Amino acid sequence: MRIVISGASSGIGLALTRHYLEGGASVAAFARRGELLQALATEFPNQVHCYTLDVRDAPAIQHAAQDFMQKVGVPDMVIANAGVSVGTLTEYAEDLDAFKQVMEINVLGMVQTFQPFVEAMRNKLPSPARGRGAGGEGGLPPTLVGIASVAGFRGLPGASAYSASKAAAISYLESLRVEMRSSGVKVVTIAPGYIKTPMTDINPYPMPFILAPEVAARRMARVIERGCSFAVVPWQMGVVGWVMKRLPNWLYDRLFANAPHKPRGLLKR
């Protein structure tokens, strides 16, 4: 199996990368921290193809995509996982740059990760198979996976940039899923709840149903294998999200007006 994963050097991305490497996959690992990717390559020789890049750099991703496809072949799966989180407040002018970076990485970075592979993945399928979700290697159709968040279900106070970016990611992935429906390429949206990563370690509030990244990666892989178009991991946070989306505004505002906020400061990736 050939897989591309962005944000592969830490957190959910690293856990997913290790999960698929342990299953024997060849992985194109995208991340900014090349030394961490090289450690993976040493641990899994001949399986890891390291690309040190920032998902905001579309030409770098396009170059990496062409290099991987020439060396290994068209991927069976592309997982757009790279993301950042930071507390933001609109009243502070110094937070404007954080808003911009969060949107560029969490939304445009996802688009730019998928873009170089879409045509090749569509063309990988024979014409009669298109529209039927024909299986590729391992019985799965070519698949694009976007990692969104439960935070995209409602606007969370103090996390306006992050919530907005994840809501945009969810809508983008839905549009892409419909666009790709007749092509045979599957689009999967995964909305994690709380996963223990550097991104959540700074949160100064309780995080219900929090999962270790290795556990989350196994559950996400099962979601992909089942062919789900949308899933929340863990499922309990899906129930929480379902309730939150249906709260009337007056009640939601009253419940969350005084909720603790993620600290403002450095972006966590």
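The values are calculated or read from the model by the stated rules, or taken from the named source; none is laboratory data. Given the structure is predicted, the values throughout are model-derived calculations rather than measurements. Cβ: placed from backbone, ideal geometry, glycine included. Neighbour counts: every protein chain shown.
Of note:
- All positions within segment 1-13 that are under 24 Å from ARG56 (Cβ atoms) and either surrounded by fewer than 20 Cβ atoms within 10 Å (Cβ to Cβ) or hydroxyl-bearing (Ser, Thr, Tyr) (or both): SER6, SER9, SER10
- Going through (1) part of a helix (DSSP H, G or I); (2) at pLDDT 95 or above; (3) in contact with a helix residue (DSSP H, G or I) (Cβ under 9 Å, 6 or more places away or on another chain) one by one, ARG122 falls short only on (2).
- Test: residue in segment 192-214 that is under 30 Å from LEU125 (Cβ atoms) and under 13 Å from the mean Cα position of the chain (by Cα): yes
- Residue in segment 75-92 that is closer than 18 Å to PHE114 by Cβ, over 18 Å from the mean Cα position of the chain (by Cα) and either buried (at least 21 other Cβ atoms within 10 Å of the Cβ) or not aromatic (Phe, Trp, Tyr) (or both) present: no
- When segment 19-28 is filtered for residues that are in contact with a helix residue (DSSP H, G or I) (Cβ under 7 Å, 6 or more places away or on another chain) and either surrounded by fewer than 24 Cβ atoms within 10 Å (Cβ to Cβ) or acidic (Asp, Glu) (or both), only HIS19 remains.
- Set SER26, SER6: member being polar (S, T, N, Q) and either in contact with a Leu (Cβ under 9 Å, 6 or more places away or on another chain) or within 14 Å of PHE114 (Cα to Cα) (or both): SER6
- PRO208 surrounded by fewer than 15 Cβ atoms within 10 Å (Cβ to Cβ) and either among the acidic types (Asp, Glu) or touching a residue at least 24 places away in the same chain (Cβ under 8 Å) (or both): yes
- Among the candidates HIS63, HIS49, residue that is surrounded by fewer than 16 Cβ atoms within 10 Å (Cβ to Cβ) and not polar (S, T, N, Q): HIS63
- Pairs linking a residue in segment 55-80 that is farther than 21 Å from LEU21 by Cβ and of a type in the set (Gly, Ala, Ser) to a residue that is at pLDDT 95 or above and part of a helix (DSSP H, G or I), with Cβ atoms under 6 Å and 6 or more positions apart or on different chains, are ALA58/GLN112.
- Inter-residue pairs, beta-carbon under 8 Å, first under 24 Å from LEU176 (Cβ atoms) and in segment 226-239, second assigned to a strand (DSSP E or B) and modelled with pLDDT under 95, 6+ apart: VAL233/LEU211
- Where PHE30 falls short, out of the listed (1) of a type outside the set (D, E, K, R); (2) touching a Lys or Arg at 6+ places or on another chain (Cβ under 7 Å); (3) closer than 25 Å to GLU225 by Cβ: (2)
- Residue-level analysis places ALA29 outside the set of residues that are in contact with a Pro (Cβ under 9 Å, 6 or more places away or on another chain) and modelled with pLDDT of 95 or more.
- Exactly one residue among THR42, THR17 is assigned to a helix (DSSP H, G or I), hydroxyl-bearing (Ser, Thr, Tyr) and over 25 Å from SER149 (Cβ atoms), and that residue is THR42.
- Tallying residues that are closer than 24 Å to SER9 by Cα and at pLDDT 85 or above within segment 177-208 yields 10.
- Residue ID - farthest from the chain's Cα centre (by Cα), chosen from residues in segment 230-258 that are surrounded by 13 or more Cβ atoms within 10 Å (Cβ to Cβ) and in a loop (DSSP other than H, G, I, E, B): LEU247
- Number of the exception - LEU16 against (1) in contact with a Ser or Thr (Cβ under 9 Å, 6 or more places away or on another chain); (2) crowded, with 19+ Cβ neighbours inside 10 Å: (1)
- Taking the criterion of being of a type outside the set (A, V, I, L, M) and within 19 Å of ALA8 (Cα to Cα), the residues of segment 64-88 that qualify are GLN66, ASP67, PHE68, PRO75, ASP76, ASN81, GLY83, SER85.
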